[in-house]
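Below is one structure, written out as structure tokens, with a few remarks after it.
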């Protein structure tokens, strides 16, 4: 590599080339953006979407040549053009089966739009807690800066760009200083319309020494026997966890088996804050859940776990990017996948320790269980360390079910199939143990077990 | 007759290990099977329990009037065959409680009894924990995870107590145990002895047998039982080792 060649590359920006199918999909979503803008009177929202559109038309959807997307194919995804329409009418009875077994404040988003009638009355929340719909915020031009975080990185992700281009609704949660929100906030995101995009933009601000728990559930309300139902969910969340604040989050993705799910969570932690997140992935044909975590202070703690089960032809991708930027940070990760049939699991994790982040303790573990010979796991745990006094580890192990364990259970009278289920379930549920609220832990375990036991 | 083994021949990966083993066990009897390393002791225990790696090529095993070799591993366990493992297996994430409640209910189902719910099971398990003098938190822990070698084997004896089998096979349960753990295992076995329950104790050493005092002692060599006798045979072996018996056998 010579200086000459690299400078040549810089001076001539690469023009990306797209296949006709990808190009058609890109133009379709650009058109949706234009349609949204036609219906909007707010110049700054319009210009935000337009800027994103320009970027999107350059950068477009990732292709298989993009290293970050090599294992998460979008070939099927780009063939369907998902519509973006208004709120569809469903009732509380329709979503009853998706509601949690524990008390919670309920927010319901239908096809990407905030549903006032299905959500709890958000005007009577306890002091210090406020929830608004993003759609409402967009109505008030002066509140635009509430929407976008100060150091936003959304543009770095192709689905982030798409999300801004189609900016429509989502929820905004703010918890004031010293406020502890006792009840978990349960956000149900339900797909109801076939070939429709739910474009969600969320923003969560947990102020100094505040505490909250949010459970986000992504599901599909499919007409019976419609196995072809496919919805697209594209969600971007920006989360700020202030000094000494605690934020617990559980994301349950259990959408219909031909749906798509793309999520980017940008999380910023301040000194002595604690962030604990679990991703439980069982649904969608192709799904990708990404955490972008910046630990921008001292003595920060974070837990990022995943429990994923995929079967059939599913592609299940969960990835984390964790930046330790100051001293004495502790980050812990356990990502577990159980893969059956021809499913593909993808994990990619990067822990980056800045020069200033001495005494960092960063642990990342990925463990995978393959239940069939044609299942596949692609995994890449990475460390990038610039400080010299740190304790970091990363590891990955993929294997099949342990025959000795199965025999041991059989030798006590437990049938083979049940023995395999018990061992598999115990393997998959380990990351759930880090959930602090035992009722939520039980609820998530039940969802995973039910899926596993078909 | 509880167990009748006739001309049992078995192999693993084409290697013949058992070469015509005969054994009869009546209800309530305790049999010890001794022998040098590689004589086929553990293979015999594994074949009785139904480990799939072994292929039975000849012979028959009748258990309680039924063809044992026709049964799956779990069916054997449900009908009352119990194997205490040489190396009990760790199962992360599965609690002893869930494991044993599932197993006990499988056996109860076989006997036509209603399943134990959580409370019934707790009460039942508590009796056994006291009987065997086990740690009270045993049920809450993951199966054998983080257990010492001795704890793992005691856990197996605890499982044996819970499942109340007809035939208990102890596969070198004594190996690697310190004297305290050995006593606990021996006391457990003695506490479970009854007129209906039989034991096959597979071991390399006499240590455990001094506590258990078997009714019959067999020496296994080269895949066959080459000598049988009473408890006195244990001490004969202790003094003279296996060499005399082996030479005698090879001479024949």
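Scan (1) in contact with a strand residue (DSSP E or B) (Cβ under 9 Å, 6 or more places away or on another chain); (2) farther than 29 Å from residue B:79 by Cβ; (3) touching a residue at least 24 places away in the same chain (Cβ under 8 Å); (4) surrounded by fewer than 19 Cβ atoms within 10 Å (Cβ to Cβ) for the single condition residue B:237 breaks and write down its number.
Condition (4) is where residue B:237 drops out.
Run residue A:450 past the list (1) without any contact (Cβ under 8 Å) to a residue 60 or more places away in the chain; (2) in a helix (DSSP H, G or I); (3) within 14 Å of chain B (Cβ to nearest Cβ) and report the number of the one that doesn't hold.
The number of the failed condition is (3).
Being farther than 17 Å from residue B:101 by Cα and either in contact (Cβ under 8 Å) with a residue 40 or more places away in the chain or facing chain B (nearest Cβ under 7 Å) (or both) is the filter here; which residues of segment A:419-433 pass it?
Residues of segment A:419-433 that are farther than 17 Å from residue B:101 by Cα, as a first pass: A:424, A:427-433.
Answer for segment A:419-433, where residues must be farther than 17 Å from residue B:101 by Cα and either in contact (Cβ under 8 Å) with a residue 40 or more places away in the chain or facing chain B (nearest Cβ under 7 Å) (or both): A:424, A:427, A:428, A:429, A:430, A:431, A:432.
Restricting attention to segment A:399-414, does a residue exist that is exposed (fewer than 13 other Cβ atoms within 10 Å of the Cβ) and in contact with a strand residue (DSSP E or B) (Cβ under 7 Å, 6 or more places away or on another chain)?
Yes: one or more hits.
Checking residue A:200 against (1) crowded, with 20+ Cβ neighbours inside 10 Å; (2) assigned to a helix (DSSP H, G or I), which test does it fail?
(2)
Scanning segment A:128-146 for residues that are touching a residue at least 40 places away in the same chain (Cβ under 8 Å) and in contact with a strand residue (DSSP E or B) (Cβ under 6 Å, 6 or more places away or on another chain), which turns out surrounded by the fewest Cβ atoms within 10 Å (Cβ to Cβ)? Break it down stepwise before answering.
The initial filter retains those residues of segment A:128-146 that are touching a residue at least 40 places away in the same chain (Cβ under 8 Å), namely A:128-132, A:134, A:138-139, A:141, A:144, A:146.
Narrowing the set further to residues that are in contact with a strand residue (DSSP E or B) (Cβ under 6 Å, 6 or more places away or on another chain) leaves A:129-132, A:134.
Values: A:129: 20, A:130: 14, A:131: 20, A:132: 18, A:134: 22.
My answer is A:130.
Does residue B:174 fit the bill of being more than 11 Å from every other protein chain (Cβ to nearest Cβ) and within 13 Å of the chain's Cα centre (by Cα)? Can you show your working first?
Numbers: more than 11 Å from every other protein chain (Cβ to nearest Cβ): yes; within 13 Å of the chain's Cα centre (by Cα): yes.
Yes, satisfied.
Looking at segment A:434-447, which of its residues are under 23 Å from residue A:409 (Cα atoms) and within 14 Å of chain B (Cβ to nearest Cβ)? Give the steps one after another, and end with the answer.
The initial filter retains those residues of segment A:434-447 that are under 23 Å from residue A:409 (Cα atoms), namely A:445-446.
Answer for segment A:434-447, where residues must be under 23 Å from residue A:409 (Cα atoms) and within 14 Å of chain B (Cβ to nearest Cβ): just A:445.
Can you tell me which residue among B:103, B:125 is in contact (Cβ under 8 Å) with a residue 12 or more places away in the chain and either at the interface with chain A (Cβ under 9 Å from one of its Cβ atoms) or within 24 Å of residue B:3 (Cα to Cα) (or both)? Show your work before the answer.
Numbers: B:125 fails: either at the interface with chain A (Cβ under 9 Å from one of its Cβ atoms) or within 24 Å of residue B:3 (Cα to Cα) (or both).
That would be B:103, the only listed residue that is in contact (Cβ under 8 Å) with a residue 12 or more places away in the chain and either at the interface with chain A (Cβ under 9 Å from one of its Cβ atoms) or within 24 Å of residue B:3 (Cα to Cα) (or both).
Mind checking which helices (runs of 4 or more DSSP H) fall wholly inside segment B:1-120 and carry at least 2 residues that are touching a helix residue (DSSP H, G or I) at 6+ places or on another chain (Cβ under 7 Å) and farther than 28 Å from residue B:209 by Cα?
Details: elements: B:41-49, B:73-79, B:96-110.
Of the helices (runs of 4 or more DSSP H) lying wholly inside segment B:1-120, those with at least 2 residues that are touching a helix residue (DSSP H, G or I) at 6+ places or on another chain (Cβ under 7 Å) and farther than 28 Å from residue B:209 by Cα span B:96-110.
Sort out which residues of segment B:73-98 are more than 7 Å from every other protein chain (Cβ to nearest Cβ), more than 20 Å from residue B:47 (Cα to Cα) and in contact (Cβ under 8 Å) with a residue 24 or more places away in the chain, and write them in order of number.
Hits for segment B:73-98 are B:90, B:95, B:96, B:97.
Does residue B:139 satisfy the criteria of being buried (at least 18 other Cβ atoms within 10 Å of the Cβ), out of contact with any helix residue (DSSP H, G or I) (no Cβ under 6 Å at 6 or more places or on another chain) and either under 23 Å from residue A:424 (Cβ atoms) or more than 11 Å from chain A (Cβ to nearest Cβ) (or both)? If you could, list the steps in order and put the result at the bottom.
Working: buried (at least 18 other Cβ atoms within 10 Å of the Cβ): yes; out of contact with any helix residue (DSSP H, G or I) (no Cβ under 6 Å at 6 or more places or on another chain): no; either under 23 Å from residue A:424 (Cβ atoms) or more than 11 Å from chain A (Cβ to nearest Cβ) (or both): yes.
No; evaluated as a whole, the condition is false for this residue.
Of the conditions (1) assigned to a loop (DSSP other than H, G, I, E, B); (2) at pLDDT 95 or above; (3) over 16 Å from the mean Cα position of the chain (by Cα), residue A:228 satisfies every one except a single condition; which number is it?
Against the list (1) assigned to a loop (DSSP other than H, G, I, E, B); (2) at pLDDT 95 or above; (3) over 16 Å from the mean Cα position of the chain (by Cα), residue A:228 comes up short only on (2).
Return the residue satisfying two criteria in turn: it lies in segment A:388-403 and is within 24 Å of residue A:345 (Cα to Cα) and in a loop (DSSP other than H, G, I, E, B), and of such residues it is nearest to the other protein chains (Cβ to nearest Cβ).
A:402
Among the residues that make up segment A:437-444, is at least one of them assigned to a helix (DSSP H, G or I), touching a strand residue (DSSP E or B) at 6+ places or on another chain (Cβ under 6 Å) and farther than 17 Å from residue A:278 by Cβ?
No, segment A:437-444 contains no residue that is assigned to a helix (DSSP H, G or I), touching a strand residue (DSSP E or B) at 6+ places or on another chain (Cβ under 6 Å) and farther than 17 Å from residue A:278 by Cβ.
With the requirement that a residue be more than 19 Å from residue A:191 (Cα to Cα) and surrounded by 15 or more Cβ atoms within 10 Å (Cβ to Cβ), what does segment A:74-85 give you?
A:74
Rundown of residues vs (1) within 22 Å of residue A:424 (Cα to Cα); (2) modelled with pLDDT under 95; (3) touching a helix residue (DSSP H, G or I) at 6+ places or on another chain (Cβ under 8 Å), yes/no style:
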site	(1), (2), (3)
A:274	no, no, no
A:280	yes, no, yes
A:286	no, no, yes
A:294	no, no, no
A:299	no, no, no
A:320	no, no, no
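Going through segment A:74-98 one residue at a time, which ones are in a loop (DSSP other than H, G, I, E, B), over 19 Å from residue A:163 (Cα atoms) and touching a residue at least 40 places away in the same chain (Cβ under 8 Å)?
Residues of segment A:74-98 that are in a loop (DSSP other than H, G, I, E, B), as a first pass: A:74-76, A:80-82, A:84-91.
Next, only the ones that are over 19 Å from residue A:163 (Cα atoms) stay: A:75-76, A:88-91.
A:76, A:88, A:90 - these are the residues of segment A:74-98 that are in a loop (DSSP other than H, G, I, E, B), over 19 Å from residue A:163 (Cα atoms) and touching a residue at least 40 places away in the same chain (Cβ under 8 Å).
Of all residues in segment A:347-367, count the ones that are within 19 Å of the chain's Cα centre (by Cα), within 16 Å of residue A:279 (Cα to Cα) and surrounded by fewer than 24 Cβ atoms within 10 Å (Cβ to Cβ).
Residues flagged as within 19 Å of the chain's Cα centre (by Cα), within 16 Å of residue A:279 (Cα to Cα) and surrounded by fewer than 24 Cβ atoms within 10 Å (Cβ to Cβ) within segment A:347-367 amount to 2.
Check B:189, B:201 and return the single one that is without any contact (Cβ under 8 Å) to a residue 60 or more places away in the chain, closer than 20 Å to residue B:27 by Cβ and within 14 Å of the chain's Cα centre (by Cα). Before the answer, list the steps.
Numbers: B:201 fails: without any contact (Cβ under 8 Å) to a residue 60 or more places away in the chain.
Among B:189, B:201, only B:189 is without any contact (Cβ under 8 Å) to a residue 60 or more places away in the chain, closer than 20 Å to residue B:27 by Cβ and within 14 Å of the chain's Cα centre (by Cα).
Within segment A:404-418, track down each residue that is at the interface with chain B (Cβ under 8 Å from one of its Cβ atoms) and either assigned to a helix (DSSP H, G or I) or within 34 Å of the chain's Cα centre (by Cα) (or both).
Step one: filter segment A:404-418 for residues at the interface with chain B (Cβ under 8 Å from one of its Cβ atoms), giving A:404-405, A:407-416, A:418.
Scanning segment A:404-418 gives A:404, A:405, A:407, A:408, A:409, A:410, A:416, A:418.
Looking only at segment B:146-166, which residues are within 17 Å of residue B:91 (Cα to Cα) and at the interface with chain A (Cβ under 10 Å from one of its Cβ atoms)?
Within segment B:146-166, B:156, B:159 meet the criteria.
Looking at segment B:46-58, can you tell me whether even one residue there is at pLDDT 95 or above, more than 8 Å from chain A (Cβ to nearest Cβ) and within 23 Å of residue B:177 (Cα to Cα)?
Scanning segment B:46-58 turns up at least one residue that is at pLDDT 95 or above, more than 8 Å from chain A (Cβ to nearest Cβ) and within 23 Å of residue B:177 (Cα to Cα).
Taking interchain pairs and intrachain pairs at least six residues apart, which have beta carbon atoms under 8 angstrom, with the first residue in segment A:291-310 and on the phi > 0 side of the Ramachandran plot and the second modelled with pLDDT under 95 and surrounded by fewer than 24 Cβ atoms within 10 Å (Cβ to Cβ)?
none
Can residue B:20 be described as away from every other protein chain (no Cβ under 14 Å), under 22 Å from residue A:413 (Cβ atoms), surrounded by fewer than 20 Cβ atoms within 10 Å (Cβ to Cβ) and more than 18 Å from the chain's Cα centre (by Cα)? Full working, then the answer.
Numbers: away from every other protein chain (no Cβ under 14 Å): yes; under 22 Å from residue A:413 (Cβ atoms): no; surrounded by fewer than 20 Cβ atoms within 10 Å (Cβ to Cβ): yes; more than 18 Å from the chain's Cα centre (by Cα): yes.
No; evaluated as a whole, the condition is false for this residue.
In this structure, is residue B:186 in a helix (DSSP H, G or I), surrounded by fewer than 20 Cβ atoms within 10 Å (Cβ to Cβ) and in contact with a helix residue (DSSP H, G or I) (Cβ under 7 Å, 6 or more places away or on another chain)? Spell out how you get there, then give the answer.
On the way: in a helix (DSSP H, G or I): yes; surrounded by fewer than 20 Cβ atoms within 10 Å (Cβ to Cβ): no; in contact with a helix residue (DSSP H, G or I) (Cβ under 7 Å, 6 or more places away or on another chain): yes.
So residue B:186 does not fit the description; no.
The values are calculated or read from the model by the stated rules, or taken from the named source; none is laboratory data. None of the values given here were measured: they were computed from a predicted structure. Positions of Cβ are generated from backbone atoms using ideal geometry, with glycine treated the same way; all protein chains shown enter the neighbour counts.
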